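Okay, structure first, notes after.
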Amino acid sequence: MRMPLDQVIANVALQQDGVWRATTHSSVSYPDAGHDTIHGVEADSFWFAHRNRCIAAAIAHDPPDRALPFADVGGGNGFVAAMIRAQGYRVVLIEPGAAGIAHARERGLDELVQASLVDLDMVPGRLGAIGLFDVLEHIEDDAAALRGMHRMLAEGGKIYVTVPAHRWLWSSADEKAGHFRRYTTGQLRTLFQRCGYDVGLCSYYFWPLPAPMLLLRTLPERLGLRRDSGRTQGRVAAEHRRESGLLQRLLAGEARAFANGRRIAFGASCILVATRRAG
């Protein structure tokens, strides 16, 4: 029998529009228009499609307990959450932005919590898994957040994470998105181990992208050859173009590697799977 959501999160109430909301609302480091901008490109984006394939492969290789909720924290428009729910998991999407919640409802997600994670009084040990899909870089004190999530997970609970990689790829796109940092896999592994997790998969992915990102975005900005024009939907759509056959072939091996627990040595993003350590 499914545990009611207010027995998982103590301080939320179900509103008339079918969305659970907390009593407090903290600000987050993410642009107000970000979810609307992304929503227009997700369905046709090679980047979002490949990230979903890699996340699905990582979950399949090291799955959480299906009897417990899977919380997609900062889940935005529900693009990842819908994929995870299609794999048979009970997904609770936690998202502070009203636009993200609205788009997630359009995708048919039915357990929606409009709040930042810091606003929620989570009952300890009630979650089977937490997803942080390009979210951790938006949290200024990432270690404190991970220690807090450790208490929310049941014994043996899993955490699945994707983040942008390499400080040397930093550009105005990171600033506009509200990022505090980019990671290496070594930094990511050390962070999670310090915060009470046993790390399984910890890998780079999107291996073909660092060179064009460096040459077409980061270096031109640093040399003053490219002006920041903001994260408009047109610019995002140009960067997240439809997946070509060549790009699909270049990226195809990454999801297969993660499905077998293997790592990729280089890439523009990192993916990690960790398990809550007892004690």
Open item on the list: modelled with pLDDT under 95 and within 17 Å of the chain's Cα centre (by Cα): is that true of Gly128 in this structure?
Closed with: no
TODO: Determine, yes or no, whether Ile9 is surrounded by 15 or more Cβ atoms within 10 Å (Cβ to Cβ) and over 30 Å from Arg256 (Cα atoms).
DONE: yes
Task: Single match in Ala43, Ala33, Ala49 (criterion: at pLDDT 90 or above and out of contact with any His (no Cβ under 9 Å at 6 or more places or on another chain)) - done: Ala49
Task: Exclusive hit being assigned to a helix (DSSP H, G or I) and under 21 Å from Ala257 (Cβ atoms), set Leu188, Leu146, Leu214 - done: Leu188
Open item on the list: Taking the condition of being in contact (Cβ under 8 Å) with a residue 60 or more places away in the chain and of a type in the set (Val, Ile, Thr), how many residues in the stretch 83-118 meet it?
Closed with: 4
TODO: All but one of (1) without any contact (Cβ under 8 Å) to a residue 60 or more places away in the chain; (2) surrounded by fewer than 19 Cβ atoms within 10 Å (Cβ to Cβ); (3) closer than 24 Å to Asp141 by Cβ hold for Gly196, so report the exception by its number.
DONE: (1)
Task: Selection from the stretch 258-279 of residues that are aliphatic (A, V, I, L, M), surrounded by 15 or more Cβ atoms within 10 Å (Cβ to Cβ) and in contact with a Gly (Cβ under 9 Å, 6 or more places away or on another chain) - done: Ile264, Leu272, Val273, Ala274
Open item on the list: Condition first: under 30 Å from Leu223 (Cβ atoms), at pLDDT 95 or above and not in a loop (DSSP other than H, G, I, E, B). Can you find one or more residues in the stretch 114-124 that meet it?
Closed with: no
Task: Qualifying residues in the stretch 252-269 (those that are at pLDDT 95 or above and hydrophobic (A, V, I, L, M, F, W, C)) - the one farthest from Val41 (Cα to Cα) - done: Ala265
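Any residue in the stretch 122-129 that is farther than 20 Å from Gly200 by Cα, surrounded by fewer than 23 Cβ atoms within 10 Å (Cβ to Cβ) and of a type in the set (Val, Ile, Thr)?
Looking through the stretch 122-129, at least one residue is farther than 20 Å from Gly200 by Cα, surrounded by fewer than 23 Cβ atoms within 10 Å (Cβ to Cβ) and of a type in the set (Val, Ile, Thr).
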- [ ] Residue by residue through the stretch 135-177, note down the ones that are within 30 Å of Gly224 (Cα to Cα) and free of Cβ contacts under 8 Å to residues at least 60 places away in the same chain.
- [x] Leu136, Glu137, Arg167, Trp168, Trp170, Ser171, Ser172, Ala173, Asp174, Glu175
Open item on the list: Pull out all pairs, ordered by first then second residue, where Cβ-Cβ is under 6 Å, the residues are six or more apart or on different chains, the first lies in the stretch 12-31 and is within 10 Å of Val113 (Cα to Cα), and the second is assigned to a loop (DSSP other than H, G, I, E, B).
Closed with: Arg21/Gln15; Ala22/Asn11; Ala22/Ala115; Ala22/Leu120
Open item on the list: Suppose we filter Arg182, Arg231 for residues that are modelled with pLDDT under 90, touching a helix residue (DSSP H, G or I) at 6+ places or on another chain (Cβ under 9 Å) and surrounded by 15 or more Cβ atoms within 10 Å (Cβ to Cβ); which single one remains?
Closed with: Arg231
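The values are calculated or read from the model by the stated rules, or taken from the named source; none is laboratory data. The structure displayed is predicted, hence computed values, not measured ones. Glycine also receives a Cβ, built like all others from the backbone with ideal geometry; neighbour counts cover every protein chain displayed.
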